[in-house]
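Structure first, commentary second.
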Amino acid sequence: MTQLTNEKFSLNDFELRDGIYFPNDYEQLNNTQHKKRWDAIGKTYYGSQKIEKVADTSPIKQDYTLLTGTPGGTWNKFPMNKSVDSILEIGCGYGRAPLHLSKAKNLRCEKYYGIDISEPLLRRLIKVKQEYNFFTEAEFNLICNSAEILPLEDNSIDLVISNCVFMHIPDAQLRNLLADISRVLKPGGIFVFNHSFHNKSCPSHIIHNFIRRLNPFVRNPVYLKQYTSAEIDEMLATAGIKAKCPQYSVEPTQEYAILPETIKGIPVPFANAINRSLKPSDSLKETLAYGFSAYSTQLD
């Protein structure tokens with residue numbers, strides 16, 4: 001990711017090609033390892049490439065859940081029939097979350113902004129939009145860039161959403177991003193960061209961190225960073241999000257883990273079954289939860 005500066009950007013500083021906005025320094029961005037990694041992941045991300053290959057008669061073309069599954073977590077709490085002027089999605093991928101919210105929750109908007117560093121995923125989002133026609137009346141603005149600096153006006157966004165993205169961002173850059181989200185979010189706006197922070201207390205993460213530290217030459221510092229609910233609250237306050245959106249909750253996810261399910265890409269025997277069998281008491285949920293979500297409680 002690029003280093004944050006005080007300089008602001010707008011979409012006027014980007015080049016629009018084939019329905020996607022690209023930064024003027026896109027060639028430089030393409031040479032970063034972070035982008036190369038996510039471009040490679042994006043080509044086959046969770047089997048989403050199937051939408052580009054199946055026949056028109058395939059059931060997938062008629063039922064989006066056969067491609068995406070049904071997102072859970074905080075999305076289950078999202079109200080029906082909500083309408084907003086503008087939505088910003090951080091790490092939009094191929095559009096799984098907005099597709100679900102549009103189809104299952106009848107969420108409507110006038111403008112949708114989706115930002116992702118992976119060009120293959122953004123091109124697939126265009127395909128998914130064509131196939132399923134979600135947010136039917138919305139103006140779509142897809143941005144291929146690091147999400148650290150958002151090319152949007154101050155106080156311009158009603159709803160910011162993100163799904164399983166922040167845990168892939170280093171701590172300093174994440175704090176910068178949260179501050180820029182606060183900048184573009186309207187006072188009284190709303191946000192949903194579903195399954196966005198790894199839990200510092202989770203035994204699975206503690207074990208995995210110990211193993212990662214054994215080899216300091218190949219470890220990724222991003223995956224050594226987890227948070228408590230208090231630390232997440234502090235980040236939201238420091239970023240200014242708490243001042244703009246004071247009614248929110250930081251909640252443990254409903255996925256629990258005491259063992260890593262893979263180590264160095266090798267499956268850990270029985271870990272999956274053990275983790276899925278966990279049914280912690282209320283007092284242990286915050287300890288055993290794999291991660292945390294943060295979301296506005298005044299969604300309706």
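Does at least one position in region 248-258 carry a residue that is out of contact with any Phe, Trp or Tyr (no Cβ under 7 Å at 6 or more places or on another chain), surrounded by 15 or more Cβ atoms within 10 Å (Cβ to Cβ), assigned to a helix (DSSP H, G or I) and touching a residue at least 12 places away in the same chain (Cβ under 8 Å)?
Scanning region 248-258, I find no residue that is out of contact with any Phe, Trp or Tyr (no Cβ under 7 Å at 6 or more places or on another chain), surrounded by 15 or more Cβ atoms within 10 Å (Cβ to Cβ), assigned to a helix (DSSP H, G or I) and touching a residue at least 12 places away in the same chain (Cβ under 8 Å), so the answer is no.
Return the only residue of SER162, SER146, SER196 being assigned to a loop (DSSP other than H, G, I, E, B) and among the small types (Gly, Ala, Ser).
Details: SER162 fails: assigned to a loop (DSSP other than H, G, I, E, B); SER196 fails: assigned to a loop (DSSP other than H, G, I, E, B).
It is SER146.
Of everything in region 265-290, what is under 24 Å from the mean Cα position of the chain (by Cα) and without any contact (Cβ under 8 Å) to a residue 60 or more places away in the chain? Give them in sequence order. Please lay out each step first, then the result.
So in region 265-290, the residues under 24 Å from the mean Cα position of the chain (by Cα) come out as 265, 272, 275-276, 285-290.
Within region 265-290, GLY265, ASN272, ARG276, LYS285 qualify.
Can you name the condition, by its number, that GLU234 falls short on among (1) open to solvent by 60 Å² or more (accessible area, probe 1.4 Å); (2) charged (D, E, K, R); (3) touching a helix residue (DSSP H, G or I) at 6+ places or on another chain (Cβ under 7 Å)?
GLU234 satisfies all of (1) open to solvent by 60 Å² or more (accessible area, probe 1.4 Å); (2) charged (D, E, K, R); (3) touching a helix residue (DSSP H, G or I) at 6+ places or on another chain (Cβ under 7 Å) except (3).
Which residues, taken from region 52-61, are surrounded by 11 or more Cβ atoms within 10 Å (Cβ to Cβ) and under 26 Å from the mean Cα position of the chain (by Cα)? Walk me through it before giving the result.
First, pick out the residues of region 52-61 that are surrounded by 11 or more Cβ atoms within 10 Å (Cβ to Cβ): 52, 54, 58, 60-61.
Matches in region 52-61: GLU52, ILE60, LYS61.
Would you be able to say whether some residue in region 68-85 is closer than 25 Å to GLU131 by Cα, open to solvent by less than 50 Å² (accessible area, probe 1.4 Å), of a type in the set (Lys, Arg) and part of a helix (DSSP H, G or I)?
There is no residue in region 68-85 that is closer than 25 Å to GLU131 by Cα, open to solvent by less than 50 Å² (accessible area, probe 1.4 Å), of a type in the set (Lys, Arg) and part of a helix (DSSP H, G or I).
Out of region 241-264, which residues are within 22 Å of the chain's Cα centre (by Cα), at pLDDT 95 or above and over 30 Å from LYS82 (Cα atoms)?
TYR256, ALA257
Exactly one of these conditions fails for GLN49: (1) at pLDDT 95 or above; (2) open to solvent by 60 Å² or more (accessible area, probe 1.4 Å); (3) in a helix (DSSP H, G or I). Give me its number.
(2)
Go through LEU214, LEU284 for me and flag whichever is open to solvent by 30 Å² or more (accessible area, probe 1.4 Å) and either in contact with a Gly (Cβ under 8 Å, 6 or more places away or on another chain) or at pLDDT 95 or above (or both). Outline the logic, then answer.
On the way: LEU214 fails: either in contact with a Gly (Cβ under 8 Å, 6 or more places away or on another chain) or at pLDDT 95 or above (or both).
On inspection, the qualifying residue turns out to be LEU284.
Kindly list, by first and then second residue, each pair from a residue in region 54-82 that is over 14 Å from LYS105 (Cα atoms) to a residue that is of a type in the set (Asp, Glu), limited to pairs with Cβ atoms under 7 Å and residues at least 6 apart or on different chains.
Cβ pairs passing all conditions: LYS61/GLU131.
Starting from residues that are open to solvent by less than 10 Å² (accessible area, probe 1.4 Å) and over 12 Å from TYR94 (Cα atoms), keep the ones in region 110-134 and report whichever is nearest to the chain's Cα centre (by Cα).
Within region 110-134, the subset open to solvent by less than 10 Å² (accessible area, probe 1.4 Å) is 112, 114-115, 118, 121-122, 124-125, 128, 134.
Subset that is over 12 Å from TYR94 (Cα atoms): 112, 134.
Values: TYR112: 15, PHE134: 18 Å.
Per the stated criteria, the residue is TYR112.
Condition first: open to solvent by 30 Å² or more (accessible area, probe 1.4 Å) and without any contact (Cβ under 8 Å) to a residue 60 or more places away in the chain. Now tell me which residues in region 135-153 satisfy that.
THR136, GLU137, GLU139
Could you list, in sequence order, the residues of region 166-185 that are in contact with a Cys (Cβ under 9 Å, 6 or more places away or on another chain) and either of a type outside the set (S, T, N, Q) or open to solvent by 50 Å² or more (accessible area, probe 1.4 Å) (or both)?
Step one: list which residues in region 166-185 are in contact with a Cys (Cβ under 9 Å, 6 or more places away or on another chain), which gives 182, 185.
Listed by number, the list holds a single entry, LEU185.
Within the bounds of region 88-109, is there any residue that is part of a loop (DSSP other than H, G, I, E, B), within 26 Å of SER249 (Cβ to Cβ), open to solvent by less than 40 Å² (accessible area, probe 1.4 Å) and of a type in the set (Phe, Trp, Tyr)?
no
Which condition does TRP38 not pass, out of (1) in contact with a His (Cβ under 9 Å, 6 or more places away or on another chain); (2) open to solvent by 100 Å² or more (accessible area, probe 1.4 Å), if it passes all the others?
TRP38 satisfies all of (1) in contact with a His (Cβ under 9 Å, 6 or more places away or on another chain); (2) open to solvent by 100 Å² or more (accessible area, probe 1.4 Å) except (2).
Every residue in region 242-283 that is in contact with a Pro (Cβ under 8 Å, 6 or more places away or on another chain) and farther than 27 Å from ARG175 by Cα, please.
Scanning region 242-283 gives ILE258, LEU259, GLU261, VAL268, ALA271.
The values are calculated or read from the model by the stated rules, or taken from the named source; none is laboratory data. A quick note: this is a predicted structure, and the numbers were derived from the prediction, not measured. All Cβ positions, glycine included, derive from the backbone under ideal geometry; neighbour counts span all protein chains shown. Ligands, DNA and RNA are stripped out before the accessible areas are found, and what is left, the full protein with its side chains, is counted by its heavy atoms. Shrake-Rupley method; radii C 1.70, N 1.55, O 1.52, S 1.80 Å.
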